[in-house]
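The values are calculated or read from the model by the stated rules, or taken from the named source; none is laboratory data. Computed from a prediction, not measured in an experiment: that's the story for all the values here. Ideal geometry is used to build each Cβ from the backbone, glycine not excepted, and the neighbour counts take in all protein chains shown.
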Amino acid sequence: MIRDYRGAHPRATYREALASVLDYRSWYSFELQLKIPGEAEARLTRAKHSVMSGGEKSASIHLPLFAAANALYSSAREHCPRMIALDEAFVGIDERYKPDLFGLAVKFDLDLFMTGHDLWVTCDTVPMIAHYDMYHDKTTRTVSSLLVLWDGAQLIDASAGLPDNEALATQLLGFRPTRHAPLGTASTLYAAGGAVLDEAGPDGEDEDDDEAG
């Protein structure tokens, strides 16, 4: 693909070629159809979208987004992630319509990573979701987070008697979250060169192992 692009654009730099070829927005094209009860199905154009209410505009974008993501992810291998990241998610959508949209994401087995102001998912169409409520203290210039889990029926936070966020996640999710990913020798460049790392340093003295994050 890069070779073809540079052949068609000989003056383009390698950076420009990469930016164009790796722009996933040009890989596929989708045409959205709008179907309103009692009316004939029609193509969703900018003009039609502009006269919709705020909630209708947002729903008309989220619905095809989930459907398109499901179609593309279904062509990948089973172990590949099925993630969608949304900034200011579901802004303008009426609360009565959100359960159906979240339920559609669950039906498509999509993992939503969302940010938003006062965004709480507490509908029975979602079996579990983790909320991190961020608080910025201007005095100490620090940010703290409180984990609140929705288990499909209720919100549970540290007030359940657990000491911290990690203990809460361990209790409800069944594993202890960590930012560290330990690598064995087989996962490093040393394995390819035949070298073996041990606890002895270059001068023969023992060194402490540090886990890199």
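Just one of 119, 86 is under 15 Å from the mean Cα position of the chain (by Cα) and either at pLDDT below 90 or closer than 30 Å to residue 166 by Cα (or both); which is it?
Details: 119 fails: under 15 Å from the mean Cα position of the chain (by Cα).
Answer to the selection: 86.
Could you check, for region 67-80, whether at least one of its residues is hydrophobic (A, V, I, L, M, F, W, C) and more than 18 Å from the chain's Cα centre (by Cα)?
No, region 67-80 contains no residue that is hydrophobic (A, V, I, L, M, F, W, C) and more than 18 Å from the chain's Cα centre (by Cα).
Look at residue 90 and say whether it is under 28 Å from residue 130 (Cα atoms) and not charged (D, E, K, R). Steps first, answer last, please.
Working: under 28 Å from residue 130 (Cα atoms): yes; not charged (D, E, K, R): yes.
Yes: the conditions hold for residue 90.
Among the residues of region 40-98, how many are more than 22 Å from residue 113 (Cβ to Cβ), of a type in the set (Val, Ile, Thr) and part of a helix (DSSP H, G or I)?
Residues meeting the conditions: 0.
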